[in-house]
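What follows is a set of notes on a single structure, which appears directly below.
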Amino acid sequence: MRVEAIKVSNGFLIPRIGRFQNLEQDKILLEVEIVDQNGAEQGYAALDQLIGLCETGRADASLKHDEIIYSKRGIK
């Protein structure tokens with residue numbers, strides 16, 4: 001189960017959603033993963049600069065994306 005904790009002034013708030021709503025236990029053990037907001041998107045920085053810079057004039061470009069890109073490279 002994944003739940004996103006929300007930063008508050010004195011710590012983090014874990015919303016009582018999903019299975020947390022019906023907990024009867026006084027204590028629970030959480031495995032925490034600290035996620036860097038920009039870390040997940042850093043690998044796409046170069047792509048972000050390229051998207052939208054090439055006008056194809058094709059009306060079907062989004063529908064045939066893989067076919068258009070990979071067939072020109074000879075990849076099947």
Take A59 and S9, extend 7 Å from each Cα along the Cα→Cβ direction, and tell me the distance between the two endpoints in nm. 5.8 nm
Label model pair K27, M1: point-to-point distance (7 angstrom along the Cα→beta-carbon line) in nm is 1.9 nm
Work through the residues other than P15 whose Cβ is under 15 Å from its Cβ and net out their charges, Lys, Arg +1 and Asp, Glu -1. +3
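Readers should treat all values here as calculations from the given coordinates under stated rules, not as data from a laboratory. The structure presented is a predicted model; accordingly, all values stated were derived computationally and were not measured. Quick reminder, even Gly has a Cβ in these numbers, built from the backbone with ideal geometry, and neighbours come from all protein chains shown.
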